[in-house]
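Notes follow the structure.
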Amino acid sequence: MRAVRERIPVVVQHNPRGRLLAARGLWTGAELVVTLGIVLLLLVAHQLWWTNRQARAGAAHTVQALQHDWGEPAPGPPETVVPESTADDDSPAVGAGEKGEDGKGRGTDPAPAATAPRRSQAYAVIRIPRIGLTAPVAQGISRSGVLDKGYVGHYPGTAQPGGSGNFALAAHRNTHGEPFRYINRLRRGDRLTVETRDTVYTYTVDKTLPQTGAGDSGVVAAVPRSNVKPYVGYRAAGSYVTLTTCTPEFTSRYRLVVWGKLTDVRGK
């Protein structure tokens, strides 16, 4: 006799509720991912675009307010006002110059250095024609009170504009107006001016330190010289300017430094 094979029926149970829950979970997860992506894009746009727009507008308004307070019209494009000659590498002394008919200083005739302002006060205007920069200079280097406003900050304890020693400055390279974004493009012989109520001080770019440690305090010393790379800097006293910012771009790991020497002082 033939064996009779019985077929066992397979019953497939459907779980529509489970499928629905899984689909909802996947949809919710996808929505969260998309939302997170939009939030991140908005944060990036805020940092890279909005903070720059806001800080630049505020800084420009501060420059106008300073010049209104000084009784001057708003400036046109930055102009170079220094002579072609500069002091030799280790002797940035300011020579004597002529005085005009009005008795105000001309050429490189020394003028009194600016006095120290109160904390976070904007009190000068820096112009760097090479990179198209016009920005207010404020006392201190705090982020909220100075740097995030698009200002150039003055290191407390360093010389004031035109003073003997080192007039040391810092500013953002990226975001919040990024005043010093392109100081890596400065070359020896480029000029920058620092204008106060009564005087215009002109410095001539002399040296660049492309990268040093964030804690290299030697670069803002009275006689600036790197502690990390001691062969870069100066050995003689004089009147210097130092520009510092973060490097590489979009990081704060190292510092980029540009140095210059006082080469012209003009009374207004």
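Taken as a whole, segment 236-243 holds no residue that is part of a helix (DSSP H, G or I), touching a strand residue (DSSP E or B) at 6+ places or on another chain (Cβ under 9 Å) and either buried (at least 23 other Cβ atoms within 10 Å of the Cβ) or acidic (Asp, Glu) (or both).
Those residues that are assigned to a loop (DSSP other than H, G, I, E, B), under 15 Å from PRO161 (Cβ atoms) and in contact with a Lys or Arg (Cβ under 6 Å, 6 or more places away or on another chain), I need them from segment 183-225; list them, please. Of everything in segment 183-225, just one residue is assigned to a loop (DSSP other than H, G, I, E, B), under 15 Å from PRO161 (Cβ atoms) and in contact with a Lys or Arg (Cβ under 6 Å, 6 or more places away or on another chain), namely ASP198. In the set TYR201, TYR182, only one residue is out of contact with any strand residue (DSSP E or B) (no Cβ under 6 Å at 6 or more places or on another chain), of a type in the set (Phe, Trp, Tyr) and at pLDDT 95 or above; that residue is TYR182.
Name the residue that is surrounded by the most Cβ atoms within 10 Å (Cβ to Cβ), counting only residues in segment 138-160 that are in contact with a His (Cβ under 9 Å, 6 or more places away or on another chain) and on the phi > 0 side of the Ramachandran plot. Here the answer is GLY150. Just checking, how many residues over segment 117-132 are more than 20 Å from ARG181 (Cβ to Cβ) and outside any strand (DSSP E or B)? Adding up the residues that qualify gives 5. Picking from residues in segment 193-223 that are among the hydroxyl-bearing types (Ser, Thr, Tyr) and crowded, with 20+ Cβ neighbours inside 10 Å, the one that is farthest from the chain's Cα centre (by Cα) is THR199.
Contact map, segment 205-234: first residue in contact (Cβ under 8 Å) with a residue 12 or more places away in the chain, second residue β-branched (Val, Ile, Thr) and assigned to a helix (DSSP H, G or I), Cβ cut-off under 6 Å, separation 6 or more or different chains; pairs are SER226/VAL219.
When SER252, SER239 are screened for being modelled with pLDDT under 95 and hydroxyl-bearing (Ser, Thr, Tyr), only SER252 passes.
The values are calculated or read from the model by the stated rules, or taken from the named source; none is laboratory data. Here the structure is a predicted model, which is why all the values come from computation and not from measurement. Every residue, glycine as well, gets a Cβ built from its backbone with ideal geometry; the counts of neighbours run over all protein chains shown.
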